[in-house]
Ligand SMILES: [Zn+2]
């Protein structure tokens, strides 16, 4: 499942790759599976993308936000959430559609932006205000400052793993990197946020930002075989029963807030 580092990797590939999506104009739109478009009352319809040019690409949490300039000179934003299995490819426009292709934006100049999504949970929005989608999210988990992290955490009394997954606390952490961050910080996933000492909070913040930063630099992780390019090494997620890389204790797996949670009972005492 793509998380913040994998989404950031997609942003950087589309922005900095050859060819780049920046500056490309949309020639036509093929909504192969119309359900990909999450129709909201304030959204415009996808056909209005024709003629628009990609000006910039940004990430907010796990949302991809494409800024467009269109003929009517209004600011439009194409917003995409990959959810479980969504992937974006910039491909030659003569490439055949794949079995799980849900949307294709054909570009002037011979390329196409293709959205593939086997599980069909991914969605696209066309909106004049991405804040209607992302407005309630907390600061980005990759760039939140130590003080802001500590200040926000002080307002909660919750088990720390579910708190890290709460996008209104910090945006972008998912199940994999929440487990990896707690492992690096040496904090038990069931620990109550209100019981963390100031040095625990500082260590947790440093773990979150360093784990995500390293994963972004590595192009993400090889997760579920979906993002095969990433080389970030996972320590606990999906390694239940395997020896902890620090102390050799078998990695434990529990359910916490309906999510599988992986940790080392020795390195992360409660
Ligand atoms: Zn250990």
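The values are calculated or read from the model by the stated rules, or taken from the named source; none is laboratory data. Computed from a predicted model, the values in this text were never measured in an experiment. Reconstructed Cβ throughout: ideal geometry from the backbone, glycine too, with neighbour counts over all protein chains shown.
Looking at 88, 97, just one residue is in contact with a strand residue (DSSP E or B) (Cβ under 8 Å, 6 or more places away or on another chain), in the same structural domain as residue 130 (by TED's automatic domain parsing) and either closer than 22 Å to residue 218 by Cα or not in a loop (DSSP other than H, G, I, E, B) (or both), and that residue is 88. Of the candidates 216, 211, the single residue that is within 19 Å of residue 145 (Cβ to Cβ), modelled with pLDDT under 95 and either within 16 Å of the ligand (Cβ to nearest atom) or not assigned by TED's automatic domain parsing to the domain that holds residue 83 (or both) is 216. Within segment 249-270, the set of residues being more than 9 Å from the ligand (Cβ to nearest atom), modelled with pLDDT of 95 or more and assigned to a loop (DSSP other than H, G, I, E, B) comprises 269 only. Only one of 190, 245 is at pLDDT 95 or above, part of a loop (DSSP other than H, G, I, E, B) and away from the ligand (no atom under 14 Å from the Cβ). Can you tell me which? Only one candidate qualifies: 190.
Being farther than 15 Å from residue 141 by Cβ and either more than 14 Å from the ligand (Cβ to nearest atom) or buried (at least 18 other Cβ atoms within 10 Å of the Cβ) (or both) is a property that residue 155 has. Just for segment 130-160: of the residues that are part of a helix (DSSP H, G or I) and in contact with a helix residue (DSSP H, G or I) (Cβ under 6 Å, 6 or more places away or on another chain), which one is nearest to residue 221 (Cα to Cα)? In this case the residue turns out to be 160. Being more than 16 Å from residue 9 (Cα to Cα) and away from the ligand (no atom under 16 Å from the Cβ) is a description that does not apply to residue 179.
Hey, among the residues in segment 164-176 that are modelled with pLDDT under 95 and in a helix (DSSP H, G or I), which one's farthest from residue 255 (Cα to Cα)? This residue is 176. Of all residues in segment 105-120, those satisfying the criterion of being assigned to a strand (DSSP E or B) and over 15 Å from residue 25 (Cβ atoms) are 114, 115, 116.
All told, residue 162 falls short of being in contact (Cβ under 8 Å) with a residue 60 or more places away in the chain, assigned by TED's automatic domain parsing to the domain that holds residue 37 and touching a strand residue (DSSP E or B) at 6+ places or on another chain (Cβ under 7 Å). Screening residue 230 against (1) outside any loop (DSSP other than H, G, I, E, B); (2) more than 13 Å from the ligand (Cβ to nearest atom) leaves a single unmet condition, (1).
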